[in-house]
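Q: For reference, the structure I am asking about is given below.
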Amino acid sequence: MASSIANGKLYRIGGMPDHVHLLVSLPATLALASFVKELKVSSSKWMKANPHFPKFTGWSQEYAGFTYSIHDRDKIINYIKGQKEHHKKMTFAEEYRRFIEANEVAIDNRFFMKDA
């Protein structure tokens, strides 16, 4: 799996205290779930050993992955860069709910944005 991850490309990473955005290109041979698992395992070990993240206890169980058009790459990069300002106007939960509903995905409020 490590070789598949190495064949991917990270375009941008940025985050807030309650979430992280990554814009990545993954090889067709790498399942999103495998990528996220490896990312969470590796970064959890690093963050727990790093004194700069004393409050980190682990990642949530949830994640979301979306496809994008290569033509939208710069727009998405700029969106990730502007997270701090963007979330002064709208919380992540509000934004995520709007995005999901705009794409006509049913939301079960018993589970939305909650860890099991």
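Q: Which one is farthest from SER44 (Cα to Cα) among residues in the range 78-102 that are outside any helix (DSSP H, G or I) and either open to solvent by 90 Å² or more (accessible area, probe 1.4 Å) or of a type in the set (A, V, I, L, M, F, W, C) (or both)?
A: LYS89
Q: Return yes or no: is ILE107 at pLDDT below 85 and open to solvent by less than 60 Å² (accessible area, probe 1.4 Å)?
A: Yes; evaluated as a whole, the condition is true for this residue.
Q: When the range 59-77 is examined, which residues are found to be over 15 Å from the mean Cα position of the chain (by Cα) and either of a type in the set (D, E, K, R) or assigned to a helix (DSSP H, G or I) (or both)?
A: Hits for the range 59-77 are ILE70, HIS71, ASP72, ARG73, ASP74, LYS75.
Q: Search the range 58-77 for residues that are surrounded by 10 or more Cβ atoms within 10 Å (Cβ to Cβ) and pair each with any residue that is in a helix (DSSP H, G or I) when their beta-carbon atoms are under 7 Å apart and the residues are at least 6 apart or on different chains.
A: GLY58/SER44; TRP59/LYS40; TRP59/SER44; TYR63/VAL36; GLY65/LEU32; TYR68/ILE76
Q: Can you list residue pairs whose Cβ atoms sit under 7 Å apart, with the first residue in the range 31-43 being under 14 Å from GLY58 (Cα atoms) and the second being surrounded by fewer than 14 Cβ atoms within 10 Å (Cβ to Cβ) and modelled with pLDDT under 90? Count only pairs 6 or more apart in sequence or on different chains.
A: Taking only residues 6 or more apart or on different chains, the pairs are GLU38/MET1.
Q: Any residue at all in the range 23-37 that is farther than 24 Å from ASN7 by Cβ and surrounded by 11 or more Cβ atoms within 10 Å (Cβ to Cβ)? Talk me through it step by step, then tell me what you get.
A: The first filter runs over the range 23-37 and keeps only residues farther than 24 Å from ASN7 by Cβ, leaving none.
No; the residues of the range 23-37 include none that is farther than 24 Å from ASN7 by Cβ and surrounded by 11 or more Cβ atoms within 10 Å (Cβ to Cβ).
The values are calculated or read from the model by the stated rules, or taken from the named source; none is laboratory data. Bear in mind that the values here come from a model prediction, so they are computed numbers and not experimental data. Quick reminder, even Gly has a Cβ in these numbers, built from the backbone with ideal geometry, and neighbours come from all protein chains shown. The protein model used for the area step is the full one, side chains on, heavy atoms only, and it has no ligands, DNA or RNA in it. Shrake-Rupley method; radii C 1.70, N 1.55, O 1.52, S 1.80 Å.
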